[in-house]
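Working notes, structure below.
The values are calculated or read from the model by the stated rules, or taken from the named source; none is laboratory data. Predicted model only: the values in this text are computed from it and were never measured. In this analysis, Cβ positions are derived from the backbone assuming ideal geometry, glycine residues included, and neighbour counts consider all displayed protein chains.
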Amino acid sequence: MKKAIFEMGESSVKLPMPVYIVNGASIAGTKEGQGPLGNCIDHVLTDDQFGTDSWEAAECKLQKEAVAILLKKTEVSEKEIRYLFAGDLLGQSMASSFGLASYEIPYFGVYGACSTCGESLSLGAMTIGGGFATQVVCVTSSHFASAEKEFRFPLEYGGQRPKSSTWTVTGSGAFLLATDVSDPMAQITGITTGKVVDMGVKDSMNMGCAMAPAAADLIWQHLQDFDRKPEDYDRIITGDLGEVGSQALIDLLREKDVDIAGNHMDCGTTLFDTNEQDVGSGGSGCGCSAVTLASYILPKLQSGEWKRVLFAPTGALLSKTSFNEGNSVPGISHGLVLEHV
């Protein structure tokens, strides 16, 4: 069958019309505020429970407030937004559905584990590029305490964490995508959709190595589809691999004769200082790449310091049910080409 006109290679698309990231908004917890990007985040909490009576309610409020900050920054009303693309790590994506219900905006709930920021931006960009909307909002979140309760142990358990573990980011990032704006922060020019990759990793305290094969597959496929080399990008940015997973990624790509060591960046080791903060290998969670994109990556693109980056959030498709039944943890990654306008 003949390929569609905007298909690129095996897994990528180019957009038929310009799709811009108008602006981004970020909100994060106290630990994140103490990290290297603390001064770049729009709002840093002083109470990680955010004035609510549960960790889950706090995460719902994170998404609601991230969208509120975004709408205020862009001077856009909620009635002007055609669709919301949102997701999180909690069961049935409750942080998104409960947190965003009051906006009464048509809603797509998406799930890509910690890669959800990349997935939501991809779907939002294709919706606009296909002519189905002029403005959409993409938002995602995670919370350290709610994620630990969901996937590992309640905080009261006080379990020890190995160096390979990552620290789920308490935070949310929201983004306005549009077709026609005067001063956008960046343009989305290409999308590569990742495949589920399962290399048999069963260690829930080493999610970096569970996700690294999916990131390697995504990056390699992207370069093939667009006929590019790593040096065509100022940064190749993964989401949540941390120090351990990042090294695994570099090693896996070198086996394919692709070397990204010189321009690779991981959001999990950018948002946190792994030497000074007790975060194990680095940060993770849906909020990790979203907060880093809004607070750090987009300003670099807007200023022109970076001209083009590959933004590839990564996710560990960890299910409590499958994990408790002895199954491995598959990985996923979703990539977008972001360029200076």
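Miscellaneous remarks
- Residue that is among the β-branched types (Val, Ile, Thr), over 18 Å from Ala101 (Cα atoms), part of a strand (DSSP E or B) and within 18 Å of the chain's Cα centre (by Cα), where the choices are Val22, Val13: Val22
This table checks each residue for (1) among the polar types (S, T, N, Q); (2) crowded, with 18+ Cβ neighbours inside 10 Å.
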residue	(1), (2)
Ser281	yes, yes
Gly285	no, yes
Ala294	no, yes
Asn327	yes, no
Ile332	no, yes
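- One residue stands out in segment 267-312 among those that are in a loop (DSSP other than H, G, I, E, B) and among the polar types (S, T, N, Q): the one that is nearest to Met185 (Cα to Cα), namely Thr270.
- Residue check, Leu318 of a type outside the set (Ser, Thr, Tyr) and modelled with pLDDT under 95: yes
- Extreme residue, nearest to the chain's Cα centre (by Cα), among residues of segment 318-341 that are without any contact (Cβ under 8 Å) to a residue 60 or more places away in the chain and not in a helix (DSSP H, G or I): Ser319
So that you can scan it fast, the table gives a plain yes or no per residue for (1) surrounded by fewer than 18 Cβ atoms within 10 Å (Cβ to Cβ); (2) more than 16 Å from Gly171 (Cβ to Cβ):
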residue: Leu90; (1), (2): no, no
residue: Ser96; (1), (2): no, no
residue: Ala101; (1), (2): yes, yes
residue: Pro106; (1), (2): yes, yes
residue: Ser115; (1), (2): no, no
residue: Gly124; (1), (2): no, yes
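- Residue in segment 200-220 that is part of a helix (DSSP H, G or I), surrounded by fewer than 23 Cβ atoms within 10 Å (Cβ to Cβ), among the hydrophobic types (A, V, I, L, M, F, W, C) and out of contact with any Asp or Glu (no Cβ under 8 Å at 6 or more places or on another chain) present: yes
- Any helices (runs of 4 or more DSSP H) falling wholly within segment 93-153 and containing at least 3 residues that are out of contact with any Ser or Thr (no Cβ under 6 Å at 6 or more places or on another chain) and within 16 Å of Ala66 (Cα to Cα): 94-100
- Which listed residue is at pLDDT below 95 and small (Gly, Ala, Ser), from Ser295, Ser281, Ser303, Ser289: Ser281
- Residue in segment 181-198 that is closer than 19 Å to Lys256 by Cβ, at pLDDT below 95 and assigned to a loop (DSSP other than H, G, I, E, B) present: yes
- Options Leu301, Leu271; residue that is more than 16 Å from the chain's Cα centre (by Cα), on the phi < 0 side of the Ramachandran plot and not basic (Lys, Arg): Leu301
- Flag if Leu252 is buried (at least 24 other Cβ atoms within 10 Å of the Cβ), assigned to a helix (DSSP H, G or I) and on the phi < 0 side of the Ramachandran plot: no
- Test set (1) surrounded by fewer than 17 Cβ atoms within 10 Å (Cβ to Cβ); (2) in a helix (DSSP H, G or I); (3) of a type in the set (D, E, K, R) - Asp259 fails condition number: (2)
- Failed condition for Ile237, given (1) part of a helix (DSSP H, G or I); (2) in contact with a helix residue (DSSP H, G or I) (Cβ under 7 Å, 6 or more places away or on another chain); (3) hydrophobic (A, V, I, L, M, F, W, C); (4) under 18 Å from Gly283 (Cα atoms): (1)
- The lone criterion from (1) free of Cβ contacts under 8 Å to residues at least 40 places away in the same chain; (2) in a strand (DSSP E or B) left unmet by Gly315 is number (1).
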